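Quick notes on the structure that follows.
Values quoted throughout were computed directly from the atomic coordinates according to the rules given, and no laboratory measurement underlies them. This is a predicted model, so every value here is computed, not measured. Please note: Cβ atoms are built from the backbone with ideal geometry, for glycine as well, and neighbour counts cover all protein chains shown.
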Amino acid sequence: MGIEVDIDNWAQQCNEDGEFAAAARHWQGGITLEIDGEELGLTIVDGQAQAGVATGSGVVKYSGNAEVWQEMLRATPARFHNDLMANVSAGGGLRFERAENSVVHAQYYPAIMRAVELLRPKGEDYPLRAGDVSAHGQIDMPVGRYVHLDLNGFDHRIYFEEAGEGIPVMMQHTAGCHGSQWRHLFEMPEITSRFRLIAYDLPCHGKSIPPVEKDWWEQTYNLEGEFLRSIPVKLAEVLQLDEPIFMGCSVGGLLALDLALRHPDVFRAVISVEGALSIGGSLEALGDLWHPQIGNEYKARLMDGLMSPTSPKAYRKETSFVYASGWPPAFIGDLYYYVKDYDLSDQAHEIDTNQVGVHILSGEYDYSGKSELGKAASDAIKGSSWAEMKGVGHFPMSENPEAFKRYLLPVLDRIA
């Protein structure tokens with residue numbers, strides 16, 4: 001099959017690896033990799049790996065030809081070969097079979113993916129931002145406050161952080177997350193010397209706790225477009241922002257284009273990070289993202305697969321950590337807007353870039369809001385700009401802020 005794996009050594013590496021051990025706890029099953037019809041694998045007993053192909057209800061199997069596996073097992077895998085689910089979702093050549101116990105794959109995907117990573121030769125270490133490990137006692141730039149917004153007739157206490165001066169930039173986080181994703185931008189004087197950055201948490205995210213007047217715990221949380229669009233519009237109004245820029249990523253990136261269409265009078269420009277005219281897909285197929293037998297670790301590991309392997313590992317793990325820390329229904333509820341509610345395919349041509357600037361930035365490794373979708377959106381919006389950000393994925397501002405800055409600064413300069 002052209003790929004040599006020392007199974008005993010692989011099992012030993014897994015058992016000595018702290019990340020695998022934490023992710024595989026209590027697992028009774030195994031991992032099988034099929035390469036050109038031949039199987040190799042690990043049996044997992046109480047979270048401990050043993051050499052040999054396993055059988056039973058807790059076994060997960062991935063299959064593909066040798067060429068695909070060779071790409072998957074490089075020290076620095078290419079686009080959509082950095083992660084098993086990235087490859088499957090992008091049609092990269094792998095197939096996977098769920099265990100007989102249908103939830104096992106999601107429960108133990110962090111362990112499965114870590115085991116595959118341990119088969120790769122050691123790659124290059126990518127450095128953190130200069131100065132990100134700070135001196136004892138240093139106080140970072142942003143200041144946090146709460147503002148009350150009337151949204152759908154209920155009092156919402158919205159948390160936001162801000163730093164800098166000049167043209168306001170409102171920053172919307174991704175699905176299921178919160179404003180900490182933008183923390184690196186607050187510490188970039190080349191930005192904050194000219195722009196007032198404002199990062200806010202959506203209701204039920206981060207420090208924006210649910211409204212006390214509403215029995216939210218009895219209701220299904222689905223983020224709908226009309227409600228979502230009202231938040232930055234009303235926030236800009238109460239903060240008395242003069243023609244702010246709106247910048248959002250993922251759900252926020254779609255929202256940016258939605259606002260350009262429906263509220264061009266409010267914003268001078270929008271920056272759509274990982275934006276598209278439509279994402280599509282089945283919300284029902286994403287049920288594992290909120291399941292009583294599946295923890296938030298699954299979401300965290302999936303997010304890791306949306307990022308570039310060339311982004312610093314500490315930042316990738318921080319981005320995933322934020323996902324693992326969120327209110328469980330928030331992510332799948334936000335995807336209601338991302339997958340089902342939002343679609344500008346037939347309206348994008350109506351966006352007037354003479355009235356509101358539109359700029360789209362797409363990450364090379366993002367298999368959700370693919371760069372091809374970002375380019376198609378820009379082609380449909382006359383006068384917009386687009387760039388593919390090399391070496392980053394779905395979360396450029398948090399996974400690799402220095403790389404993101406290289407693409408963001410020219411956009412900000414153009415708007416200013």
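Comparing P292, P142, P264 in a Gaussian network model of the chain where C-alpha atoms under 10 Å apart are linked, the largest mean-square fluctuation is found at P292.
Binning all Cα-Cα separations of the chain at 20 Å, short to long from zero, yields these whole-percent fractions: 26, 55, 19, 0. Placing unit charges on each Cβ (+1 for Lys and Arg, -1 for Asp and Glu) gives the chain a dipole about its Cα centre, and among V238, M113, T55 the Cα reaching farthest toward its positive end belongs to V238. 3J(HN,Hα) couplings calculated from phi for segment 38-53 with the Karplus curve 6.51 cos²θ - 1.76 cosθ + 1.60 (θ = phi - 60°) are, in sequence order, 9, 9, 9, x, 10, 9, 10, 10, 6, x, 9, 8, 10, 5, x, 6 Hz; Gly and Pro show x.
Averaging the sequence gap over all C-alpha pairs within less than 8 Å and six or more residues apart, then dividing by the number of residues, gives the chain a relative contact order of 14 percent. For segment 7-117, the mean projected area of the C-alpha convex hull, equal to one quarter of the hull surface, is 6.2 nm². Each residue of segment 284-299 was assigned a 3J(HN,Hα) from its phi angle through the Karplus expression (A = 6.51, B = -1.76, C = 1.60, θ = phi - 60°), giving 5, 6, 9, x, 5, 6, 8, 9, x, 9, 10, x, 5, 4, 4, 4 Hz with x at Gly and Pro. Between I360 and S272, S385, W386, A387, the built amide H atoms are under 5 Å apart, and every one of these is 5 or more places off in sequence or on another chain.
Across segment 58-73, coupling constants 3J(HN,Hα) worked out from phi with the 6.51/-1.76/1.60 Karplus curve, θ = phi - 60°, read x, 9, 10, 10, 10, 10, x, 7, 4, 4, 5, 5, 4, 5, 5, 9 Hz, and Gly and Pro carry x. DSSP beta bridges confined to segment 18-106 are antiparallel in about 70 percent of cases. If you take all other residues with their beta carbon under 14 Å from the beta carbon of R79, and give Lys and Arg +1 and Asp and Glu -1, the sum is -3. Looking at the chain, what % of its DSSP beta bridges pair antiparallel, to the nearest 5? Close to 50 percent.
As a footprinting exposure proxy, order V104, V392 by other Cβ within 10 Å, with the fewest listed first. Don't skip to the end; give the middle numbers.
Details: V104 22, V392 29.
Exposure proxy ranking, most exposed first: V104, V392.
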